[in-house]
Amino acid sequence: CIPDDHELMAGMVGLQTAHRYGNATLLASDMVFGIGNRFANRHTGSVEKYTEGRKIVHIDIEPTQIGRVLCPDLGIVSDAKAALTLLVEVAQEMQKAGRLPCRKEWVADCQ
């Protein structure tokens, strides 16, 4: 869980939330990571609107949750910590090799 006061926290996404920035950030995104979550129609409203124009990656330890509500572009059956540890390691290697773009402007926009 990302703390509400974390600098990259945009808020919760969904129909039953008061976090309008979470929804706005989602709609402006080109990629969504669902980590240990269970996508549901109350979160997405319209699956088509939720997935339109963006890649979806869903990480969950329970394989039956992946693809249950929406079909992700990539489904990863794994413990969240194990998957994220590996993804961070790969990202750090890519950053050292100069293969990751600078995202400071994007982070500032999100804040």
Which residue pairs have Cβ atoms closer than 7 Å, lie 6 or more positions apart in sequence or on different chains, and pair a first residue in region 24-37 that is touching a residue at least 60 places away in the same chain (Cβ under 8 Å) with a second residue that is in a helix (DSSP H, G or I)?
25/110
Of (1) loosely packed, with under 10 Cβ neighbours inside 10 Å; (2) assigned to a helix (DSSP H, G or I); (3) touching a helix residue (DSSP H, G or I) at 6+ places or on another chain (Cβ under 7 Å), residue 25 satisfies every one except (1)
Take residue 90 and tell me if it is under 13 Å from the mean Cα position of the chain (by Cα) and at pLDDT 95 or above.
no
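Per-residue answers, yes or no, for (1) part of a loop (DSSP other than H, G, I, E, B); (2) within 13 Å of the chain's Cα centre (by Cα); (3) of a type in the set (S, T, N, Q):
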site	(1), (2), (3)
38	yes, yes, no
48	no, no, no
58	no, yes, no
67	yes, no, no
72	yes, yes, no
75	no, yes, no
83	no, no, no
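The values are calculated or read from the model by the stated rules, or taken from the named source; none is laboratory data. Quick caveat: nothing in here was measured; it's all calculated off a predicted structure. In this analysis, Cβ positions are derived from the backbone assuming ideal geometry, glycine residues included, and neighbour counts consider all displayed protein chains.
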